[in-house]
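Here the structure is laid out as structure tokens; the discussion comes afterwards.
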Amino acid sequence: MSTKIYETHLLIVEDDQGCKKFTLEENFYSLGRDQNCNIRVVSQFVSRRHATLVKVPEENNGYSYRIVDGDAQGKRSANGLIINGRKISVHDLKNEDEIIFGPNVRGIYYILANTQPYVTVDSPEFDITLINPCMTEEKDT
């Protein structure tokens, strides 16, 4: 039996509308108050295209996310990003990093690891034949 680690990447955002949870799986996300952003943040203090999240592959076949201030074309946001208390324009996110987008607007990044045991079966003794229940019913004659 082997053990494989499955990771779930989450971004929890608190803005003027409350708390929202986003499961991160895509290669790219735009964050901001613009309607067309993948992750919409509702606040007058957040730029239309405030930040960009980019999936970054890691050596162990896993991945993490990098947050970049501004949009994909390099235009920075008005207020910038404060990550874990420091103003930063680019940051490789780690579990429980806090991102401040503006007054009363923040996000927290989580990496949740779920370890699931799994079995690799190459033996005929584990032959599983699926039977349709209708095939086992006796017919009235």
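Per-residue answers, yes or no, for (1) charged (D, E, K, R); (2) farther than 21 Å from ASP34 by Cβ; (3) out of contact with any helix residue (DSSP H, G or I) (no Cβ under 7 Å at 6 or more places or on another chain):
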site: GLN73; (1), (2), (3): no, no, yes
site: ASN84; (1), (2), (3): no, yes, yes
site: ASP97; (1), (2), (3): yes, yes, yes
site: GLY102; (1), (2), (3): no, no, yes
site: GLY107; (1), (2), (3): no, no, yes
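Only one of (1) touching a residue at least 12 places away in the same chain (Cβ under 8 Å); (2) surrounded by 15 or more Cβ atoms within 10 Å (Cβ to Cβ) fails for ARG40. Which number is that? Failing condition for ARG40: (1). Does ARG86 qualify as being closer than 14 Å to VAL13 by Cα, surrounded by fewer than 19 Cβ atoms within 10 Å (Cβ to Cβ) and without any contact (Cβ under 8 Å) to a residue 12 or more places away in the chain? Taking the combined requirement at face value, the residue does not satisfy it. Across the range 37-95, the qualifying residues are those that are under 25 Å from GLY18 (Cα atoms) and aromatic (Phe, Trp, Tyr), and the one among them that is farthest from the chain's Cα centre (by Cα) is PHE45. Taken over the range 63-97, the criterion of being hydrophobic (A, V, I, L, M, F, W, C) and assigned to a loop (DSSP other than H, G, I, E, B) is satisfied by ALA72, ALA78, LEU81, ILE88, LEU93. Number of residues in the range 96-113 that are loosely packed, with under 14 Cβ neighbours inside 10 Å and within 14 Å of the chain's Cα centre (by Cα): the value is 3. Taking the condition in contact (Cβ under 8 Å) with a residue 40 or more places away in the chain, buried (at least 18 other Cβ atoms within 10 Å of the Cβ) and charged (D, E, K, R), does ASP69 pass? For ASP69, the condition - in contact (Cβ under 8 Å) with a residue 40 or more places away in the chain, buried (at least 18 other Cβ atoms within 10 Å of the Cβ) and charged (D, E, K, R) - is not met.
Bear in mind these aren't lab numbers, they're just calculated from the coordinates by the rules spelled out. Bear in mind the structure is a predicted one, so any value in this text is a computation, not a measurement. Methodologically, a virtual Cβ is constructed for each residue, glycine included, from the backbone with ideal geometry; neighbour enumeration extends over all protein chains shown.
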